Structures are given as C-alpha cells and as structure tokens.
Amino acid sequence: MKKILLFASALLLTISVEAQIKRPQPQPGPMPTVHVKKPQEFTMKNGLKVMVVEDHKLPRVSYMLTIDTPPYVEGDKAGVSSLTSAVVGNGTTKTSKEKFNDEIDFLGANVSFWNTGASASGLSKYSSRLLELMAEGSLNPLFAQDEFDKAKQQAIEGLKADEKSVASVAARVTDALLYGKDHPNGEFVTEQSLNNVTLEDVKQNYATFFVPENAYLVVVGDVHFKDVKKQVEKLFKGWKKASAPVATYPEAKDVAKTQVDFVDMPNAVQSEIALVNTVNLKLTDKDYFAGLIANQILGGGGEGRLFLNLREAHGWTYGAYSSLGSGKYTSKFKSSASVRNVVTDSAVVEFVKEIQKIRTEPVTQAELDLAKAKYIGNFVMETQKPGTIASFALRTKTQSLPADFYENYIKNIEAVTVEDVQRVANKYFKADNQRIVIVGKGADVAGTLDRLGYPVNYYDPFANPVEKPVFKKAAPAGVTSKTVIENFINAIGGEKKLKEVKSLSVASKGSMQGMELTMTQKQTNKGQSMMSLNGMGMEIMKQVVTPSMGYAVQQGQKQDLTGDDLKEAQESSKLFDELDDLKNADSFELTGIETFNGEEVYVLKKDKSTVYYSVATGFKVAATEVVEVQGQTFEMTSTYGDYKEVKGIKIAHATSLPLGPGMSLELKVSEVKINEGVSDADFK
C-alpha cells in the first residue's frame, strides 16, 4: 500500500528548518539617524504621478509602476484579476513574446508585469531601453488565447492541489469567515469561477482597472530627473486618462463573542490554528507605532511570547506568530500556528492566555527594549535597499503620510512606552470578539473543542456552515480488518484472479505547473518494481527495486537504497499489497468508520500507515504515510478512484500522488497491461 507513497516521499522537497539558537542580545548602541532621500516629482495630464530618486552610488536603476486600485469584488468571476496578471507580459502587440524576453535576457534585466502594475530593473546604461520595454508591455499587452488557456489550466491545477493542503484551506476559510465572502478580502477563487472567466473578461479587467488616474511610477537609481521626465512624458502620453470605479461592499464585522470555527480535514496530521479579528489601523494613526511594538512582543518573531510558549516551552509547533495589519482599508490581527492534532485544544488555551496577558499586564522593559531594537535594526538595514526607498516614496503618497514620516520613524518607535503597548493591545487584540479558526482532523480534534468553553461552529472547506459531522463511529459487529481487506480483494477481482497476475504495467498522465508529465509503473510477482516520472522529454525520477537491490535516480544522480530504506522499499514492491496484508490482517487496527471526501470509509492503521476503504464499494480510496524530513513530520496522502476493469481486474484509473506539503500530482491512467509488456530488463 506504500509503493506510491515511498516514491512520493523521495520527491519531497528538502525543507530546511533554521535552528533556533539562543544567543545573548547585544547591548543597544546610540539611536541611529536615517536620511531618506526625497523624490523629485511631476504629474502628467492623464493623472500618472512620477517620483524620481537619484542615487548614483551604483550603476543600477529600478522602475516600479503601481496602480493604487481600490478593492473590488470579482463575484462569480473570482480569479479574473489573477488571470490578468498571468496573461499580461507575454508579448505585446508590437513585439512577440520570444523576442521581448530575449532582449530582456540580453540586457541582463528583470522586467515583470501584473494586473495592477509593472517593474523593471537593471544596469543604468540600459535605463532608457528598460523603461521603453516596461512601457510597451504595460500599455500594449498581447492578450493571446493560448496564453490565457494555459494560465487558466495552471490556476485550476493549483486549486486542485490546494484542496488537499490544510494550510491553504485554513487561509481561505479564515478570511471568508472574518470578512465575508462578498468582501474583497474574503472572496476566493474556485474552479467554477475560473471557468466562468473568458479572455474578453481579462481584457475588460485590464481596460477598467489598468488606468493612470491612481497610477504611480517610482524611479530609483543612477538616472537624472530631467532625462527621466522627458522619456516618461514621451512613452506614457498615449495612456488615456481614466479612473477605476470605486466599488461598494459590506463592512467586515467581528463576532459578538469569541467562538470556535472548525473545518474537518481528514488528511490533516497537524491542526492549523488562527485567532483573528478585524483591524482598522492607518499608518497615520497615533496607535500605529505602539501597535508595531505590541505585535512584535506578542508574536513578531523567535523572541515573541507566542514562540517562546508554544515552541520553546511546550514543543508543540515549529513556530507561533502574530501579525497586525494596517493601511487604508480594513485588515486583521492574526495569531497562528500549526500544531500536532493531539495538542490542538491545549495550544488554543495558550494562545488565549498570551493574548489576555499582554492586554492585562504591563510588558517588561526588557521586552520593550528588545522589540524596539529589532524594529529599528531591521528598518535601518531596509533603508539601504533601492526597493525600500521606492516603497517609502510610494507609501507616502498612497497612504497620505507626512513628508517626514520615515525620517521620524525611529524616533516614533523609541517613544513607545509600556503603557502604550498595553493600551493598543486592548484595542486591537480583541480577545472577546475573535474567531478561533481551526482546520484539522475532526476524528482526532473535534472531541476536545467543547472543553475550550466557547461556542463551536462547523464549516466545510469553502466556509459553508454545516451540521456537526459524525467524525468517527464504530464498525458494525462482524467487520474486522480481515473482512475489510477481503472485501477490497473481492471488489477488484478476487484472490484467485489476482494471483494469476505475473506482471502489471500502468502508464499515467498528468500535469504540474503547466508541465505535462507521464508516470510508468511496472511490477512482477517476483518482488520487482520500477517507477519512472518523465516530463519535458527527460526523466525526472526513477526508482527500481528487486529482492537483491534497489536504487533511485533523481535529476541524473543515482543513489543506492540500503539498510532500512531498501528493506521498506522491498516490502512495498509486491504485486497487490493486500494479498500479503490479508495474511497479516491481525497486525492492522480497524479504528472504525470515518468520512473521507464525503464518503464513509473503514480506517485501517498499521505503524505509520493508514488506509481508507469505502464502506459502500469496498474499494481503497486513500492511503497515507507519515514521513519525516529534517525533523518535520508530514502526512503524505494518495487517493484512488475511477476503478475500471482490465482483464477481469479493476484498477484505479485516477490517482493523486503527494509531492510534498500542499503539492500533489493528479494522474489519469492511459494504459494498463496485465501479463505483458514487462521483462527483467525493466529492473536493471
């Protein structure tokens, strides 16, 4: 049952977890002075506002075009703006995509486009040509049907992968519940809404919102103002004056009393926890700097209270953090972490405790000083980057900031007091009006939620309210692990028929990020197996296992399997795992009946493996394997469906192969051969 999972785990990208090392904090020195260069400005007749910051220290230049588009709801065509971003920049009405990209490569430059702007950067000796290319791509995009179709397909594939990602579902549901689905921050893209979008919709989105009235062009680098002004006026004078519509939508409101909102994800090995409430905090508000420091102390990093509690003291998570939004529009306060299922309720208790503590007890002077030092240090480092200077100039305009906002930034941070921190914590960390959104495995978690003392509501992965599910129930009398395995064997053809199979060859096709992939699996009843994954005319990965050896090849690098890795691979290389499982049925634990993807399933567990068999059909619908990579634990889940008969045996023709956290490869079987098409040469 683990053959695909073992192959998938080899594809799992290495996840580096930075070691948390306690080091003594350096003593703060004198308060640094930051001088932020002021831009020279002019405004064109069409409304485009241009800011130029001359910086001749390095022979480089950067251009950033930003359209400050007011938020709007996309409705039943949610995703039109992201598709617009994907399509623009793929050639222009004057230059083909290939020629356009070739010139960018020749210049050694970076040029990007999206639905609300564009950017370009490179050597200043090419400054004029870079601006020409950015202007051409921005104002004359080529909306090609083939590029649109490809972008839509990639977006749909991404959505399908996200449906199995607990973190992605948690992010979607959290915002949908907090803001509402009819709010720009709360609506989300679905496969249906993407399919509703046409190329004409993308063109209309561009025409409506890519307009100069709220557009800002920030230029930073080794250029001269008068030269930039002359060129910008020439290149952008044809951009027709227009303004984007200002949309109306319901105001986001917090709940009257704190509540728990739970989403069941049967494949979750960890629970995603988020405590959220809305925030309206402008950069010009007197609370802004105190809010930054309060959040830093609570959960702004490895020194934050949340991290020190949930990670350092309890070891429940790899990180617990908080964030406090700010800006012209409604944002949110969020504290969150991914924790093991079994400690979900305990983690929530600690989150609530830390939020209440910073609201009711003064922080220490040492905490305050450390938070200030971190913020000031990061701020000073960021001011050395041209991109930061550009963002300062842009934000000063779009957020209506005082001209000296960034010159006084450090002074305002230093002015924050212990009393200020407690005051803003009470105002913006709304302990009595928060949604505690939990996405996890209901069979492991739901029974503990009532102990938290808050009302518990249940939602599906698309933020629709549902009745409290029955997460687990006992199997009927007479049903055992042996009968479940027997039912599967009978459902796919019977023991006698399976034992007649000498070899099996399965070819499948799928795609990932727009790349067409093919997978070939070959096995024999002699314990031989071969799997290969190919794409773009090359072999991406291959694994071969026999009773005497095993190896894996990835990107041309061969590695022999040895020790426990080889033994486990050999155990998983047998034809029809369940024939062996039937002999050892007592080693499986039948934990009961759960719901998986809306279907009742029997759950069989053995060591780190879990297999799900349909109660109705007997078919295997999913299998999971817990794997560990660099100290992090992941639950890799494969799914099976669309069983079709081939020579009297039913083979799953639709599978989902896990490639890592939040990543999967959807495969459709294109060919099955039984007792043909396989030889010993395949396993050399």
Which loop-located chymotrypsin sites (Phe, Trp or Tyr not before Pro) does the range 530-616 contain, where loop means any DSSP state but H, G, I, E or B and the Cβ has at most 16 other Cβ atoms within 10 Å? none
Report the chymotrypsin sites (Phe, Trp or Tyr not before Pro) located in the range 290-394 that are in a DSSP loop and have at most 14 other Cβ atoms inside 10 Å of their Cβ, or state none. Tyr329
Rg/Rh for the range 259-466, where both radii come from Cα atoms and Rh is the Kirkwood radius: 1.01
By a straight-distance test (C-alpha under 14 Å), which aspartates and glutamates pair with Lys253 as possible cross-link partners, with residues fewer than eight away in the same chain excluded? Asp175, Asp182, Asp432
What translational diffusion coefficient, to the nearest whole µm²/s, does the range 540-586 have by Stokes-Einstein, given a Kirkwood radius computed over alpha-carbon pairs, a temperature of 37 °C and 0.692 mPa s viscosity? 278
Over the chain, the sum of -39500 (n - 2.57) across DSSP H runs of at least four, divided by residue number and rounded to 500 deg cm²/dmol, gives at 222 nm -9500 deg cm²/dmol
With the cut-off at 34 Å, report for the chain the share of all Cα pairs above it, as a whole percent. 57
Farthest toward positive dipole pole in the chain [+1 Lys/Arg, -1 Asp/Glu at C-beta], among Ala616, Val88, Val545: Val88
Subtracting the Cα-Cα distance of Asn46 and Glu233 from 0.36 nm times their residue separation yields 66.3 nm
Expressed as a rounded percentage, what relative contact order does the chain have, with Cα pairs under 8 Å and six or more residues apart? 16
Taking the convex hull of the alpha carbon atoms in the range 556-684, what volume per residue do you get, in Å³? 176
Straight-line reach only, C-alpha to C-alpha below 14 angstrom: list the aspartates and glutamates that Lys468 could link to, leaving out same-chain residues fewer than 8 apart. Asp261, Asp264, Asp450, Asp460, Glu594
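A short reminder: the numbers here are calculations on the coordinates, not readings from a lab. From a predicted model like this one, the values you see are computed outputs, not experimental measurements. Cβ sites come from the backbone with ideal geometry, for glycine too, and all protein chains shown count toward neighbours.
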